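One structure is given below, encoded as structure tokens.
The values are calculated or read from the model by the stated rules, or taken from the named source; none is laboratory data. What you see is a predicted model; the values in this text were computed from it and never measured. Glycine also receives a Cβ, built like all others from the backbone with ideal geometry; neighbour counts cover every protein chain displayed. Only protein heavy atoms, including side chains, enter the accessible area calculation; ligands, DNA and RNA are left aside. Shrake-Rupley method; radii C 1.70, N 1.55, O 1.52, S 1.80 Å.
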Amino acid sequence: MKTETIRLKKYHQLIKQGDALKNLFILKSGSIKEVSINEDGSSFITKFHFKGDVLGLNSIDLEYHPTSFLTLEDTIVEKFNFQELLSNSVSFHYFFTKMSESVTEYTIRKRVFTQKSEVKISSLLLELFNKNPDSPDYFNMSMTREDIANHLGLSEFTVSRILSKLQKESIIEIKAKSRSIKLIDKKKLENRSL
């Protein structure tokens, strides 16, 4: 099956909301935010994507992309033609597995979004740490606090306050200059996400 590797600069729009489904993408490096734009022009970040995530799965049943995908940093993706993918059973199995994982994540995320602010932030941090298999106790924060607040339906002040609280309690360590977060006590963070 023919694929294409695409290198994208920070703030590049990979997929535009409303575009017809032609391709799916696998994120090889970097990070991307998925954004839903409402009729009034306001936007909401629905998800952050990292290495290994499949982009565009939410468009399969609609045949168009219901969200936009924007890079948060220099990013590399692998492009797959959707029609070719359907005719290749090995690739289709891989994408089907990823789609199943996305449904599970959505179900968990839906439950988390009804929780208190600290639970939302702790759950997101755990998800971000778990998406970094090369270093599960560290990740580079490519998204801004404003992006996190938008994604979780919180104020930027609340995000900053809770991140500071988690740092004061020695659960995480925030390194502002490198825009990174180190996990100090996973058990405590897991308890905060319940």
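Need one number: the % of Cα-Cα pairs in the chain sitting beyond the 24 Å mark.
In whole percent, the long-distance tail amounts to 41.
What are the principal axis extents of the Cα atoms in the range 152-194, in Å, biggest first?
Projected onto the principal axes, the Cα atoms of the range 152-194 cover 28, 26, 16 Å.
Averaged per residue, what accessible surface does the chain expose to a 1.4 Å probe, in Å²?
That works out to 56 Å² per residue.
Can you tell which of Ser155, Met143, Asn130 lies farthest toward the positive end of the dipole of the range 125-169, using +1 and -1 charges on the Cβ of basic and acidic side chains (Lys, Arg; Asp, Glu)?
Ser155
With +1 assigned to the C-beta of every Lys and Arg and -1 to the C-beta of every Asp and Glu, and no other charges, what is the dipole magnitude of the range 6-97 about the Cα centre in debye, to the nearest 20?
400 debye
Report, in listed order, any pair from Lys168/Lys188; Lys51/Lys168; Lys51/Lys116; Lys47/Lys116 with a Cα-Cα distance greater than 24 Å.
Lys51/Lys168; Lys51/Lys116
What percent does the relative contact order of the chain come to when contacts are Cα pairs within less than 8 Å and at least six residues apart?
For the chain, the relative contact order is 21 percent.
How large is the helix-only mean residue ellipticity at 222 nm for the chain, computed as the sum of -39500 (n - 2.57) over DSSP H runs with n ≥ 4, divided by its residue count, in deg cm²/dmol to the nearest 500?
The helix-only estimate for the chain comes to -11500 deg cm²/dmol at 222 nm.
What's the center-to-center distance, using Cα atoms, between the range 19-91 and the range 162-181 in Å?
Measuring centre to centre over Cα atoms gives 30 Å.
Rule-of-thumb check for the range 1-71: C-alpha Rg over 2.2 N^0.38 Å?
1.08
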